[in-house]
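Chemist: I have a structure I would like to understand better, so I am pasting it below and will then ask my questions one at a time.
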Amino acid sequence: MTRPSPADGPARFQGRAAGLVSRTVAAVADILVVLGLAVLADLFAGAVRFLVLGPPFAPPKLSDWLTGVLGFALTVGYLAVSWTVTGQTVGARLMGLRVVRRPGRPLGAGRALLRAVLCVIFPLGLFWTPLSRRDASVADLVVRSAVVYDWYGGRARDAQRPLP
């Protein structure tokens, strides 16, 4: 019986541009993460209110516009920090994706922030991916970034080493 080679698995996609399905699944996972963070922030604010004002425990009631602004800030912050620090959000890590500049270098804080704002303001820009020659969303085209498969953290050579 022959052993499967690493080239049969995710290593063969290493460094290639990610498609619409992988990116959409990652985006849905990230939406769930942001919603979880928002719930935790709301519970934290309720706990602080409870400690300061006393019973009953209740999260603060914010106006709709303030909720929208805070949700926008939380989402942009989550995406920008994730892409700046590791190039991956939780959803991207789950799907084996990484956001990089075109030559494969890290995105950088400015580009990550601009890309995050564009992704939140215009999420339908993701659907440009299958129409693009290089599988780029609208945000990728504007900030000159790419979303690539990166299952091994840039260590594709290690993943392709023959099994003993």
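The values are calculated or read from the model by the stated rules, or taken from the named source; none is laboratory data. What you see is a predicted model, and the numbers here were worked out from it, not measured in a lab. With ideal geometry, Cβ positions are generated from the backbone for all residues, glycine too; neighbour counts draw on all protein chains shown. SASA here: full protein model, heavy atoms, side chains in, ligands and nucleic acids out. Shrake-Rupley method; radii C 1.70, N 1.55, O 1.52, S 1.80 Å.
Chemist: How big is the charge dipole of the chain about its Cα centre, in debye rounded to the nearest 20, if each Lys and Arg gets +1 on its Cβ and each Asp and Glu gets -1 on its Cβ?
Modeler: Values: 19 positive and 8 negative charges, 154 e Å.
Approximately 740 debye in magnitude.
Chemist: Ignoring ligands, DNA and RNA, what percent of the accessible area of the chain is carbon or sulfur (1.4 Å)?
Modeler: Working: 7250 of 10410 Å².
Carbon and sulfur atoms account for 70 percent of the accessible area of the chain.
Chemist: In sequence order, what are the phi-derived ³J(HN,Hα) couplings for the stretch 32-48 according to the Karplus relation 6.51 cos²θ - 1.76 cosθ + 1.60 with θ = phi - 60°, rounded to whole Hz, with x for glycine and proline?
Modeler: For the stretch 32-48, the Karplus-derived couplings read 5, 5, 5, 4, x, 5, 5, 5, 4, 5, 5, 5, 5, 4, x, 5, 5 Hz, x marking Gly and Pro.
Chemist: Tell me which of 117, 153, 37 sits at the most positive position along the dipole axis of the chain, charges placed on C-beta atoms (Lys, Arg +1; Asp, Glu -1).
Modeler: Of the options given, the answer is 153.
Chemist: Moving to a separate point now. Helix 64-85: angle to the longest alpha-carbon principal axis of the chain, degrees 0 to 90, nearest 10?
Modeler: Long axis of 64-85 versus the principal axis of the chain: about 30 degrees.
Chemist: So for the pair residue 38, residue 61, with labels modelled 7 Å out along Cα→Cβ, what separation do we get in nm?
Modeler: A separation of 1.9 nm, rounded to one decimal place.
Chemist: Comparing 80, 116, 45, which has the greatest mean-square fluctuation in the GNM of the chain with Cα pairs linked when under 10 Å apart?
Modeler: Taking springs between Cα atoms under 10 Å, the residue moving most is 45.
Chemist: If I fit a long axis through the Cα atoms of helix 109-121 and take the longest principal axis of the Cα atoms of the chain, what angle between them do I get, 0 to 90°, rounded to 10?
Modeler: 70 degrees
Chemist: Per residue, how much accessible area does the stretch 40-164 have with a 1.4 Å probe, in Å²? Write down the numbers at each step before the final one.
Modeler: On the way: 7930 Å² over 125 residues.
It amounts to 63 Å² per residue over the stretch 40-164.
Chemist: Just 107, 118, 131 to compare: in a GNM of the chain, with alpha carbon springs under 10 Å, which one fluctuates most?
Modeler: So, out of 107, 118, 131, the one fluctuating most is 131.
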